[in-house]
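**Student:** Got a structure for you, questions after.
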Amino acid sequence: MADIGRVRIRIPSSIKPGDIVKARVLVIHPMEIVERKDGKPVDKNYHFINRVIVTYLGKEIAQFETSQSISENPFFSFSFKATEPGQLKVTFLDTHGGKYEGTADVKFA
Amino acid sequence: MAARAWRGLVPGASIIVAALLAAGCAQGDTKMVAPGLPPSPWISRAVPEARGDVKTLPDGKREAVRYRGWTKQDFGGFRTYAYDDPRPEPPPGKIAMPAGAGDPKKGRSLFLNRNLGPCTGCHLIQGNDVWPAGNVGPDLSTYGNRNLPDEYTFNLIYDPRHVFPNTLMPPWGTTGALKPDDIVHIVAFLKTQKGPLPPEPNPERNPVTRPKPVGFGDNLDPTNNPAVLRAESAEALWARKGPAGKACADCHAGGPRAAMKGVAARYPQYVAGYRRVMAIEDFLTVHSPEATGLPLLAEGADNLDLTMLVKMASNGMPVTLDLARPETAAALARGKLSFYKRVGQRAHACADCHTTAGAKGADKFLGGRLLANVEAGLTRHFPTWRTSQADVWDMRKRMQWCMTPLGMNMLAADAVEYAEIELYLTAFDVGKPMNVPGIRH
């Protein structure tokens, strides 16, 4: 799949201060799965996302540790409380040192 | 593939004239063909499982080649949409009801058996284990109160066309889907369905009170519809050079979104170069090998993905068809005939489930599934993501899937017959905005 590391974030278009907001995040990533040879897992540095960090208004609000059990082009959704306008940033780190970021602006209508 | 006698489809008196002319022609002469149909058999350029092939096993049994996980049963004994299939609809059959008492218990389990009808796909009966029942046919929960003669009920199931010539119920006995003894058990069971009915514990059990599905949200949101990602992956294919040294991008400048803007809104259309109606999928199977050298087999992932990318460039634009063109008009007329043609073991027509006039099935539940209505438009969101299959399906695979449980051997995905049915369906979408890829159950 093209555009490895392309991050897309969707948040609702109309948000009021104090709302609990659901963010939907998708990243393009192969999320390499375990190979097996003669029934045994092949030992190698598999390419998959192992950490997801969410920051809002510059502060880290969530961190996820992820494994190979997650599908390719993984999709995450989580809720947060929109207190002030500002930036929501989601960072994906993978086992090959890749760092992929996406941002969304929280705006109040 | 057998040589196709397209001329057989010319409506009216011209059938005889055309047939006589063709019969008099030596091989290699220009044959008379109906307008809009290719003169020679169409060679399928589909992936092997989508060609509708039937193979003969070493033991002489015949096995249909279909997609992985689909039935291999050969329905060669029943007629299809193929234009060279001259078989008529099987005439209504009638037999004397076998003697002997039926077993209501056996009858009920036959009624619910998913490998047969299931009868509950269309008819509601009593019992909280009846799930999911449909309402395409009448509710039979109190059928026993009507005190109809056994012989009448038996013949209604064996072949309802004696009583209701325009019924959408299959002739279960005539085509051998149900054995006469099984029908005797079902008759015995139906007699036990008597009122008064207990209060309904669950409104979802009864298809009349069951809420209708609400859909799956924004189909163009890549975080919601995986098909959008697949379409985007075709941008690499757009730029990939084939063996002929060229890529799509070399002739169609400006990127797929600009170069293909509005193109898909005009499909399916009659393509003069190939002398047949084609959808985008069909056109790619012939155009790509000629222009780039890359095969884009129908129902292959590359074909589907590129089709979506091309169609997405027309999203929001109204569907238009050039119906003034004689070839298109003739194809549309044939597509309509196919839409109303009863095919397969169940002698069903598309119209049985997808139109509303005359108590047909559209907008009703077939089992748990709500049947789509042709007038709402069935084509402008295809190829579509199917949540139940976790895959992208185009219109043709959807059609092939539809006719498999109906007991018809499928045609090749890129068959002219399908293209013309798709053209007919698309006529209901004219003026409505394209919206690809869709997301459906």
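**Student:** Among the residues of region B:35-50, is there at least one that is at pLDDT below 90 and more than 19 Å from residue B:286 (Cα to Cα)?
**Tutor:** Taking every residue of region B:35-50 in turn, at least one turns out to be at pLDDT below 90 and more than 19 Å from residue B:286 (Cα to Cα).
**Student:** If you check B:289, B:295, which single one turns out to be assigned to a helix (DSSP H, G or I) and surrounded by fewer than 22 Cβ atoms within 10 Å (Cβ to Cβ)? Outline the logic, then answer.
**Tutor:** Values: B:295 fails: assigned to a helix (DSSP H, G or I).
Answer to the selection: B:289.
**Student:** Right, another one. Could you grab me the full set of residues in region B:222-243 that are more than 9 Å from every other protein chain (Cβ to nearest Cβ) and either surrounded by fewer than 21 Cβ atoms within 10 Å (Cβ to Cβ) or among the charged types (D, E, K, R) (or both)?
**Tutor:** Residues satisfying the conditions are B:238, B:239, B:240, B:241, B:242, B:243.
**Student:** Can you tell me which residue in region B:132-182 is nearest to the chain's Cα centre (by Cα), limited to those that are of a type in the set (S, T, N, Q) and not in a loop (DSSP other than H, G, I, E, B)? So that I can check it myself, show each step before the final result.
**Tutor:** Of region B:132-182, the ones of a type in the set (S, T, N, Q) are B:135, B:141-142, B:145, B:147, B:153, B:155, B:166-167, B:174-175.
Subsequent filtering for residues that are not in a loop (DSSP other than H, G, I, E, B) retains B:145, B:153, B:155.
On the way: B:145: 37, B:153: 30, B:155: 28 Å.
Selected residue: B:155.
**Student:** Do we have any residue at all in region B:257-265 that's crowded, with 22+ Cβ neighbours inside 10 Å and within 30 Å of residue B:175 (Cβ to Cβ)?
**Tutor:** no
**Student:** Follow-up question, since we're still on this one. What residue, of B:214, B:228, B:187, is within 21 Å of residue B:433 (Cα to Cα), not hydroxyl-bearing (Ser, Thr, Tyr) and not in a loop (DSSP other than H, G, I, E, B)?
**Tutor:** Working: B:214 fails: not in a loop (DSSP other than H, G, I, E, B); B:187 fails: within 21 Å of residue B:433 (Cα to Cα).
The unique qualifying residue is B:228.
**Student:** Moving to a separate point now. Any chance region B:382-404 includes a residue that's touching a Lys or Arg at 6+ places or on another chain (Cβ under 8 Å) and of a type in the set (Gly, Ala, Ser)? Walk me through how you get there before you give the answer.
**Tutor:** First, pick out the residues of region B:382-404 that are touching a Lys or Arg at 6+ places or on another chain (Cβ under 8 Å): B:382-387, B:392-393, B:400, B:404.
Still in the list and also of a type in the set (Gly, Ala, Ser): none.
Within region B:382-404, not a single residue is touching a Lys or Arg at 6+ places or on another chain (Cβ under 8 Å) and of a type in the set (Gly, Ala, Ser).
**Student:** Moving on. So residue B:256 clears everything in (1) without any contact (Cβ under 8 Å) to a residue 12 or more places away in the chain; (2) within 14 Å of another protein chain (Cβ to nearest Cβ) except one condition, right? Which one?
**Tutor:** The single condition residue B:256 does not satisfy is (1).
**Student:** For residues that are over 24 Å from the mean Cα position of the chain (by Cα) and not small (Gly, Ala, Ser), scanning just region B:207-221, find the one that is nearest to the other protein chains (Cβ to nearest Cβ).
**Tutor:** Kept after step one, since they are over 24 Å from the mean Cα position of the chain (by Cα), are these residues of region B:207-221: B:208-211, B:217-218, B:220-221.
Imposing the further condition that a residue be not small (Gly, Ala, Ser) reduces the set to B:208-211, B:218, B:220-221.
Values: B:208: 34, B:209: 31, B:210: 28, B:211: 23, B:218: 9, B:220: 11, B:221: 6 Å.
Among them, the one singled out is B:221.
Yes or no, residue by residue, for (1) at pLDDT 95 or above; (2) touching a strand residue (DSSP E or B) at 6+ places or on another chain (Cβ under 9 Å); (3) over 25 Å from residue B:440 (Cα atoms):
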| residue | (1), (2), (3) |
| --- | --- |
| B:323 | no, yes, yes |
| B:328 | yes, yes, yes |
| B:339 | yes, no, no |
| B:355 | yes, no, no |
| B:369 | no, no, no |
| B:384 | yes, yes, no |
| B:390 | no, no, no |
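**Student:** Modelled with pLDDT of 95 or more, under 16 Å from the mean Cα position of the chain (by Cα), loosely packed, with under 13 Cβ neighbours inside 10 Å and within 23 Å of residue A:12 (Cβ to Cβ): which single residue out of A:101, A:60 fits that description? Spell out the reasoning first.
**Tutor:** On the way: A:101 fails: loosely packed, with under 13 Cβ neighbours inside 10 Å.
It is A:60.
**Student:** Here is a check on your reading of the model: is residue A:51 closer than 21 Å to residue B:217 by Cβ and among the basic types (Lys, Arg)?
**Tutor:** Values: closer than 21 Å to residue B:217 by Cβ: no; among the basic types (Lys, Arg): yes.
So residue A:51 does not fit the description; no.
**Student:** Which number in (1) away from chain A (no Cβ under 14 Å); (2) within 21 Å of residue B:314 (Cβ to Cβ); (3) in contact (Cβ under 8 Å) with a residue 24 or more places away in the chain; (4) not aliphatic (A, V, I, L, M) marks the one condition that residue B:173 misses?
**Tutor:** (2)
**Student:** A further question follows. Can you tell me which residue in region B:103-129 is surrounded by the fewest Cβ atoms within 10 Å (Cβ to Cβ), limited to those that are over 20 Å from residue B:170 (Cβ atoms) and touching a residue at least 40 places away in the same chain (Cβ under 8 Å)?
**Tutor:** Filtering region B:103-129 for residues that are over 20 Å from residue B:170 (Cβ atoms) and touching a residue at least 40 places away in the same chain (Cβ under 8 Å), the one surrounded by the fewest Cβ atoms within 10 Å (Cβ to Cβ) comes out as B:128.
**Student:** Now for a separate question. From the list B:108, B:68, exactly one residue is of a type in the set (Lys, Arg) and assigned to a loop (DSSP other than H, G, I, E, B). Which is it? Give the steps one after another, and end with the answer.
**Tutor:** Details: B:108 fails: assigned to a loop (DSSP other than H, G, I, E, B).
Matching residue, one of B:108, B:68: B:68.
The values are calculated or read from the model by the stated rules, or taken from the named source; none is laboratory data. Quantities reported herein were computed from a predicted structural model and do not represent experimental measurements. Note: ideal-geometry Cβ built from the backbone for every residue, glycine included; neighbour counts use all protein chains shown.
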